[in-house]
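Some notes on the structure that comes next.
The values are calculated or read from the model by the stated rules, or taken from the named source; none is laboratory data. All values derive from a computational prediction rather than experimental measurement. FYI the Cβ positions are ideal-geometry reconstructions off the backbone, even for glycines, and counts take in every protein chain you see. Please note that ligands, DNA and RNA were not included when accessible areas were found on the heavy atoms of the full protein model with its side chains. Shrake-Rupley method; radii C 1.70, N 1.55, O 1.52, S 1.80 Å.
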Amino acid sequence: MQYRPIGKTGMSASVIGLGAEHLEGKPYKTVDTVINAALDRDFNIIDVFMAGEEVRKNIGRALGGRRDKVLIQGHICSTDIDEQFDRSRDLPTVKKYFENLFRCLNTDYIDLGMLFFIDTEQDFSDVFETEILSYAQDLKQQGRIRAIGASSHNPITARRVVEAGVIDLLMFSINPAFDMASADTYVIDYMDKALDFEKKLDRDRAALYQLCEQKGIAITVMKTLGAGKLLSAKQTPFSKPLTVAQCIHYALTRPAVVSALIGCASQEEVQEAAAYFEKSDAEKDYSSVLSDYQGDFRGSCVYCNHCLPCPSEINIAGVHKYLDIALLDAANIPASVTDNYRTLERHASDCVNCGSCEDRCPFSVPVMKNMEKAAKLLG
C-alpha cells in the first residue's frame, strides 16, 4: 500500500480507501468480511456517510479492536429520518445523528468530520454561515474530530468551500466522465472530439483540483468507478470500458488527490481494488480509452441516493440498479433481476411524479421518466 499526507492534518491516507455505502442493508457477516478484507490489505480510510443505525453498528462491530488502524470519514448533516436517506440543516437533528455515529462505532473520536453535501449556494449558506459550522469547529477543538472536511459534487460551490479557509479535506466526485461535466449540471456535455483530451477537461473542475493542491487541501475521491458504469461496455460513455485499475489511476493522478474510495460489497471487490498495485504501467494507463471519447454521460444514475427522501418511500437507487441491468437486454431480462426487483418494498409504479427526486439529484437523472420505464419493464 502507498500513503499520502492529508493536507496539513498530520494524518496520512492509503491511496485506495473503502467507501462503505454498499454495506448498507447487508448482514453483519458481509460487513465484517469486507471491512477486515480492506484492513488486511492496509486500506486505512473508510467513508461512512450512511445514517442508518444498523449499518453503523455493523461497521463498529466489525472494526472491533482495529479502530486505531483506520481513519473514519464521518458526515455531519447526514440523516435517515423515517428511515430514508436525507440531509438536514437543523442543528439539533444534525447533532443527534452525528452523536449517534460515535455510539454506533464504539469510538470517542471521528478522524474526519465531513460537512455533508455542499452543492449549492443555499447549502453553503445553511452550513458555513450557521451554527452547524460552529458545531464542527467545537468538535475539533474538543478533539472529538481531528479535522474538518466537506463533501461536494459541484466544482463552483466546492471552490467557495475551499476558499472559506475552514476545511482540511474535500471529498469530491472524480472520474474521467465527470471531469468533462459542466459545473452547472454535474453531467458530461458533449465535447469536440477533435480536441486533445487534456483540453476537454472542464476548466472549473481542473481549477478546483489545482486550487486544493495550492492550498494544501487534500481530496478523497467518491464515484471513482462511476457506480460501475465506466466498467461496462454497454454503459460507458467511452468507446470501450475502463478497468478498475485505470479508474483508480485516473483519480490518483489528479492534483491534490490522496485517496480513491472504492465502494465494495464483497471480499472479491476489495481484492480487485487492491490488485491496482500489481498492475503494470501499461495496464493502468487510461489515455487510449479517453482519447476516443464518443458519448454523453448525461442523466446516468450513480446510485448515490441523494435523490431521497421519496414521499412514496421508493428505493430510487435500487430501482435504477435493476432498470440499468434490464436495459442491457430488454428483450431477455433475467428472471433474477425481476425477482430481486420485486423484493423491494416499494416499486416504480408507486411513483407519484412529484419531482422532488429530480430537484435533489446532483447528476440530472430523469427519475420520473425512468420510473415509467422500470414499471413497464420490471412491473
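Worth pointing out:
- Apportionment of accessible area to carbon and sulfur, region 313-368, percent (1.4 Å): 46 percent
- Taking 0.36 nm per residue of separation and subtracting the Cα-Cα distance, full extension of the segment from residue 328 to residue 163 would add 55.1 nm.
- Mean separation of Cα contacts under 8 Å (6+ apart) over length of the chain, as relative contact order %: 16 percent
- Once the chain from residue 340 to residue 268 is taken as fully extended at 0.36 nm per residue, the excess over their C-alpha distance is 23.8 nm.
- Evaluating 6.51 cos²θ - 1.76 cosθ + 1.60 at θ = phi - 60° for every residue in region 76-93, the Karplus couplings come out as 8, 3, 7, 9, 9, 3, 6, 6, 10, 4, 7, 10, 10, 10, 8, 4, x, 5 Hz, glycine and proline recorded as x.
- Calculated [θ] (222 nm, deg cm²/dmol) that DSSP helices of n ≥ 4 give over the chain, each run adding -39,500 (n - 2.57): -11000 deg cm²/dmol
- At a probe radius of 1.4 angstrom, the accessible area of the chain per residue rounds to 42 square angstrom.
- The charge dipole of region 95-164, taken about its Cα centre with unit charges on the Cβ atoms of Lys, Arg (+1), Asp and Glu (-1) only, comes to about 280 debye.
- Projected label distance in nm at residue 368 and residue 288, using a 7 Å step from Cα toward the beta-carbon: 4.5 nm
- Per-residue surface analysis assigns residue 306 an accessible area of about 10 Å², computed on protein heavy atoms at 1.4 Å probe radius.
- Counting protein heavy atoms only, region 207-284 has 45 percent of its accessible area on carbon and sulfur, 1.4 angstrom probe.
- Calculated FRET efficiency for the pair residue 349/residue 275, C-beta based, R₀ 45 Å, to 0.05: 0.65
- Order of exposure, largest accessible area first, which applies to 82, 32, 123, 285 with probe 1.4 Å: 82, 285, 32, 123
- Share of carbon and sulfur in the accessible heavy-atom surface of region 41-110 [1.4 Å probe, %]: 43 percent
- Euclidean distance between Cα centres, region 205-255 to region 61-137, Å: 25 Å
- A value for semi-axes √(5λ) of the Cα gyration tensor in Å was derived from the coordinates, and within the list (i) 34, 23, 19; (ii) 29, 25, 22; (iii) 36, 24, 19 it appears as (ii).
- Looking at region 1-135 alone, DSSP beta bridges between its own residues are antiparallel in about 35 percent of cases.
- Computed from point charges on the beta carbon alone (+1 for Lys and Arg, -1 for Asp and Glu), the dipole magnitude for the chain about its Cα centre is near 500 Debye.
- Restraint check, 240/321; 215/279; 95/223; 29/240; 8/69; 29/321, Cα-Cα greater than 30 Å: 215/279; 29/240
- Only beta bridges with both residues in the chain are counted; by DSSP, about 15 percent of them are antiparallel.
- Region 1-91, relative contact order [Cα under 8 Å, separation at least 6], %: 26 percent
- Point-to-point label distance, residue 130-residue 204, nm (Cα→Cβ direction, 7 Å offset): 2.3 nm
- Net charge of the neighbourhood of residue 279, taken over other residues with C-beta under 12 Å away and scored Lys/Arg +1, Asp/Glu -1, is -4.
- Two-site label geometry, residue 359 and residue 121: point separation in nm, points 7 Å out along Cα→Cβ: 1.8 nm
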